[in-house]
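One structure is given below, encoded as structure tokens.
The values are calculated or read from the model by the stated rules, or taken from the named source; none is laboratory data. Note that the structure is predicted; figures quoted are calculated from it, not measured. Note that we place each Cβ from the backbone using ideal geometry, even for glycine, and neighbour counts take in every protein chain shown. Surface areas here come from the heavy atoms of the whole protein model, side chains and all, with no ligands, DNA or RNA. Shrake-Rupley method; radii C 1.70, N 1.55, O 1.52, S 1.80 Å.
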Amino acid sequence: MTHNVSVEVTDGFHLVVDALKHNDIDTIFGLVGIPITDLARLAQAEGMRFIGFRHEQNAGNAAAIAGYMTQKPGICLTVSAPGFLNGLTALANATTNCFPMILISGSSEREIVDLQQGDYEEMDQLNAAKPYAKASYRINKAEDIGIGVARAIRAAVSGRPGGVYLDLPAQLLSQTLEVGHAKRSLVKVVDPAPRQLPAPESVQRALELIKGAKKPLILLGKGAAYAQADDDIRALVERTGMPYLPMSMAKGLLPDTHAQSASAARSYVLAEADVVVLIGARLNWLLAHGKGKTWGKPKQFVQIDIAPTEIDSNVAIAAPLIGDIGSCVAALLAGLDAAGIAQPDAAWLAPIAERKDQNMSKMAAMLARDVSPMNFHGALGAIREVLKQHPDINLVNEGANTLDFARSIIDQYQPRKRFDSGTWGIMGIGMGYAIGAAVVSGKPVVAIEGDSAFGFSGMELETICRYELPVTTIIFNNNGVYRGTDVNPTGGKDVAPTVFVKNARYDKMIEAFGGIGYNVATPEELSRALIDAIAAGKPALINAAIDETAGTESGRLTNLNPQSGAKK
Ligand code: ADP
């Protein structure tokens, strides 16, 4: 056999980068090590942005939120076994939340892993990922990198978006391929998330149901925010005149100050409505599974979703509308006049307005009360006023009480600006989401964090400082999980399971990396610090001392907490 020495070759490292770039993917979130360090170096050398983290879970969370914000899969790159497993939590969380992302992990030699002969970081990652991902693929040959990346992208964004795992064995990366062959093997994904039009008879059925409603309600979920059909959704709400409720990450799809928002009369409208139009929201635990006391009077549902199996998941759905939200909402809008749907009458709208007024003035009074030491309302009242002046700021929010109170107190004015614990109620998304949101949007981020929630990702303050991101983290510091006052009943030396170091100074953590730290104890100080931090546009952390007696156990989820029969 003759060998042509002048044949130009490329390798797996280059092909992975080429395949991503070929599909307009410009950023990788990750953490380097064997066998993917050179992949990260090469991606950067080839003009991609590589954002390096201190823990893979946070890199994965950044990728997930990037996917949610852009409808392009966010990419997270990790090393094998432990790095992969750290990233897997984020992949599972992305899948649960319907965010498109791809976790790419290097893996050890197949022949050793499969015979369990004990390789460095040995693990059958492909199969470990399967139950927690929308899809899970391995590429074994360099000539398949193009098609493998295309398959991962389409799986992540088409239909119901989710997390995809892509396994890259170390030996794949160093495999060589002739340059011409390599070029021809790249695949540009055409129309990765095609529109899916609803059936005309489903649209008709939905319009009939809405027409017959006496007390209709629209419920917007984060699927509606993801869909980027903002103008049509607003038109549907305004032309029908129906009151609406946003789920937490759908806040801002219409400004929370909108006259038709029924958020301040939430329990009343959920209990009283007779027809509910669900747009990209699942009837899961966050909506009390669509039944029981929360939902009060019997009702019928229209449900818009791209996943047909979501229909009838918890209660019977009278009018399912299967398709992408943009197409479904446009079809409803087009049929409104012909269906003769009138504005709801005052018998429905007047009591809602009355309750809203009452509840909003009660809340205003609570926010204005000057309580010392500062409580959740005092702190959030101050933040709310500052953020009013910055409607385009990205807000990250997690914690127990910190999440529950901030969700109802902080108004959102623009779509896809609130990122929180989501479908799982997960803690630990804070700094990952903050970094992802800052990188993708190029706009400032404010992260309102319970002191416990912050602990899961706190080391990423270094990442925020390293990339000089305009992220202001506010720690609601009440000295513990839920609150700081629990005692060890034995009188022993260990503190209670929920208690942290008293009066910790989280602001000093960011100072270690060159960021700006603030330590505040009153709403006025908090307000001043936040105004200053946003104006500086630099990494900042505000340690906000909150009354350590103020929190309730598990926030509003106390009912989910099993109680010991022996508890007095
Ligand atoms: P929330 O937590 O805000 O109530 P969920 O995450 O429970 O929202 O629901 C989002 C729903 O939106 C999912 O059932 C998902 O299938 C659906 N979805 C996501 N993107 C689209 C889209 N582009 N078109 C239609 N449905 C979508």
Practice task
For a label point 7 Å from the Cα of Q117 along Cα→C-beta, name the residues of segment 70-108 whose backbone N is under 15 Å from it.
Solution key: 108
Practice task
Quick one: of K251/K356; K215/K388; K130/K417; K72/K299; K21/K251, which pairs are farther than 25 Å apart, Cα to Cα?
Solution key: K215/K388; K130/K417; K72/K299; K21/K251
Completion exercise
DSSP beta bridges in segment 380-510: the antiparallel percent, rounded to 5, is 5
Exercise for the section: Calculate, for the chain, the solvent-accessible area per residue in square angstrom, rolling a 1.4 angstrom probe over the heavy atoms of the protein chains. Expected result: 42
Fill in the blank from the handout: CD proxy, 222 nm, the chain: helix-only mean residue ellipticity via -39,500 (n - 2.57) per DSSP H run with n ≥ 4, per residue, nearest 500, stands at -11500 deg cm²/dmol
Exercise for the section: On the protein heavy atoms, probe 1.4 angstrom, tell me the percent of accessible surface of the chain carried by carbon and sulfur. Expected result: 54
Handout entry: Extreme residue, positive dipole direction of segment 115-216, given options A170, Y132, Q196 (C-beta unit charges)
Key = Q196
Practice task
For segment 136-285, give the magnitude of the charge dipole about the Cα centre (Cβ charges: +1 Lys/Arg, -1 Asp/Glu; no others), in debye to the nearest 20.
Solution key: 160
Exercise for the section: Report the calculated FRET efficiency for E553 and T294 (r = Cβ-Cβ distance, R0 = 25 Å), to the nearest 0.05. Expected result: 0.75
Practice task
Per residue, how big is the convex hull around the C-alpha atoms of segment 9-185? Give it to me in cubic angstrom, could you?
Solution key: 94
Practice task
Check cross-link reach from K502 to the aspartates and glutamates: straight Cα distance under 20 Å, and skip same-chain residues fewer than eight apart.
Solution key: E449, D451, D486, D494, E511, D547, E548, E553
Problem - Relative contact order (%) - criterion: Cα under 8 Å, at least six apart; region: the chain - result: 12
Practice task
Stick to the Cα atoms of segment 369-560, pair each with every other, and give me the Kirkwood hydrodynamic radius in Å at one decimal.
Solution key: 16.5
Completion exercise
the chain: antiparallel bridges as % of DSSP beta bridges, rounded to 5, reads 5
Handout entry: Student exercise, segment 474-568 dipole from Lys, Arg, Asp, Glu Cβ charges, in Debye to nearest 20
Key = 280
Fill in the blank from the handout: Normalised Cα Rg of the chain, dividing by 2.2 N^0.38 Å with N its residue count, works out at 1.03
Handout entry: Mean separation of Cα contacts under 8 Å, 6 or more apart, over the residue count of segment 9-185: relative contact order %
Key = 26
Exercise for the section: Please state the charge dipole magnitude for the chain, taken about the Cα centre, from unit charges on C-beta atoms (+1 on K and R, -1 on D and E), reported in debye and rounded to the nearest 20. Expected result: 1440
Completion exercise
In the chain, taking the dipole from +1 charges on Lys and Arg beta carbons and -1 charges on Asp and Glu beta carbons about the Cα centre, the listed residue (G422, I304, V481) farthest towards the positive end is I304
